[in-house]
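Peer 1: Have a look at the structure that comes next, please.
Every read-out reported here was derived from the displayed coordinates using simple, explicitly stated rules and does not represent laboratory data. This one's a predicted model, so the numbers in the text were calculated from it and none came from an experiment. Glycine gets a Cβ as well: all are built from the backbone with ideal geometry, and neighbour counts include every protein chain shown.
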Amino acid sequence: MAGNSTDYIKHHLTNLTYGELPAGYVRHGEHGEEVLTESTWTLAHNAVEAKAMGFKAFHVDTLGWSVGLGALFCLVFWLAARKATSGVPGKLQNFVEVLIDFVDTNVRDTYHGKSALIAPLALTIFTWIFLMNFMDLIPVDFLPAASSWIGSTFFGMDPHHVYMKVVPTTDPNATLGMSFSVFFLILFYSIKMKGAGGFTKELTLNPFNHWALIPFNFILEGIGLITKPISLGLRLFGNMYAGELIFILIALMFTGGLALGVLGGGLQIVWAIFHILVITLQAFVFMMLTIVYLSMASESHDH
């Protein structure tokens, strides 16, 4: 039971990875060992192979679900804009208008500069992250099992080697990718609003305005600048990864007999209801911190 439980958890927490295995790599499969005579682009059969693929590997499931949910977000808002009317609005228009008003209010209250990009950026961040987080509410076995069936039926793949993590925000590559995009915007707005010289002075003459302390100031301000995207991405990843792991552990309770199964069913409902708050709050926090960081970057050096 312990071995099966461990394999079950590892399978659900492993990404569907596509990358290049180097020449000479020994693959271990059901039919024995296979030594690759040349570098080969392929799907990883386990986490060890995914690690061997190195930095050039792609998490197919993370990319697929994040891009797909982004496209869904664009489609829904396009449909709302296409059918928008100045008369009595429909349900979709009402929903989109409420969401836009909510984001716009937070932007106006938090961002103290002037930029036409901030409000659309905040709206995109909140909606996109919420949709990615929302995938955590889908039963943990449904999409992975469907993916295994599709892979084995139509592509002749071993179902045990078909992985599918359906929550992109449980992948640090996705969360850190988004947070470092925010980091580059921080740099852009800092230089745009303060100038290269003003931004340099901010990094070297704060908090102590003395030439002798420039190295200390630069290290202190540099660390503070770098930790912003790292903490932004890791906060979202940590909360969503923990939530997904709890769902997986609850799912394991259904294999422990009738009593544990009934308890697991109740815990699953309670955790799912609570998790609705978690997934919404994490999207909101990421959006608000982005607005705050960009507002700080947009303030003049005199402030």
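Peer 1: Near Lys91, which lysines are there with a Cα under 27 Å away, not counting those fewer than 8 places off in the same chain?
Peer 2: Within reach: Lys83.
Peer 1: Oh, and also: What net charge is computed for the residues neighbouring Ala80, neighbours being all others with C-beta under 14 Å from the C-beta of Ala80, Lys and Arg scored +1, Asp and Glu -1?
Peer 2: Here the count lands on +1.
Peer 1: While we're here: Could you state the angle between the C-alpha long axis of helix 118-134 and the longest principal axis of the C-alpha atoms of the chain, as a value from 0 to 90 degrees rounded to the nearest 10?
Peer 2: 20 degrees
Peer 1: Compare Val48, Val292, Val140 in a GNM of the chain, Cα atoms joined below 10 Å, and give the one with the largest fluctuation.
Peer 2: Val48
Peer 1: Then there's this: Quick check: net charge around Val26, other residues with Cβ under 9 Å of its Cβ, Lys/Arg +1 and Asp/Glu -1?
Peer 2: Net charge in that neighbourhood comes out at -1.
Peer 1: OK, next. With Cβ to Cβ distances under 9 Å as the rule, what net charge do the other residues near Lys165 carry (K, R +1; D, E -1)?
Peer 2: In short, -3.
Peer 1: Would you mind computing, in nm to one decimal, how far apart the modelled labels at Ile219 and Ala116 are, each placed 7 Å from Cα along Cα→Cβ?
Peer 2: For Ile219 paired with Ala116, the spin-label model returns 4.5 nm.
Peer 1: Between the alpha-carbon centers of the range 187-231 and the range 68-146, tell me the distance in whole angstrom.
Peer 2: Here the answer is 34 Å between Cα centres.
Peer 1: Still on this model: If you build the Cα gyration tensor of the range 1-144 and take the root of 5 times each eigenvalue, what three semi-axes come out, in whole angstrom, biggest first?
Peer 2: Gyration-tensor ellipsoid for the range 1-144: 44, 18, 14 Å.
Peer 1: Any of Lys10/Lys165; Lys10/Lys51; Lys51/Lys165; Lys114/Lys194; Lys114/Lys201 with alpha carbons more than 18 Å apart? Name them for me.
Peer 2: Among Lys10/Lys165; Lys10/Lys51; Lys51/Lys165; Lys114/Lys194; Lys114/Lys201, the Cα-Cα distance tops 18 Å for Lys114/Lys201.
Peer 1: Could you state the angle between the C-alpha long axis of helix 214-252 and the longest principal axis of the C-alpha atoms of the chain, as a value from 0 to 90 degrees rounded to the nearest 10?
Peer 2: Long axis of 214-252 versus the principal axis of the chain: about 30 degrees.
Peer 1: Shifting gears a bit: Using a Gaussian network model of the chain with C-alpha springs under 10 Å, which one of Leu43, Leu249, Leu277 is most mobile by mean-square fluctuation?
Peer 2: Leu277
Peer 1: Mind pulling up the Rg/Rh value for the range 199-303? Radius of gyration and Kirkwood radius, both on Cα.
Peer 2: Ratio of gyration radius to Kirkwood radius for the range 199-303: 1.29.
Peer 1: Calculated from DSSP H runs of 4 or more alone, at -39500 (n - 2.57) each and per residue, what is the 222 nm mean residue ellipticity of the chain, nearest 500?
Peer 2: Working: 9 runs with 204 residues, N = 303.
Rounded to the nearest 500, the figure is -23500 deg cm²/dmol.
Peer 1: Kindly give the semi-axes, whole Å and largest first, of the ellipsoid equivalent to the chain, taking each as the square root of 5 times a Cα gyration tensor eigenvalue. Walk me through the numbers on the way to the answer.
Peer 2: On the way: eigenvalues 318, 161, 75 Å².
One finds semi-axes of 40, 28, 19 Å for the chain.
Peer 1: Here is a further query. Highest GNM mean-square fluctuation, the chain, Cα pairs closer than 10 Å: which of Gly32, Gly198, Gly24?
Peer 2: Largest GNM mean-square fluctuation: Gly32.
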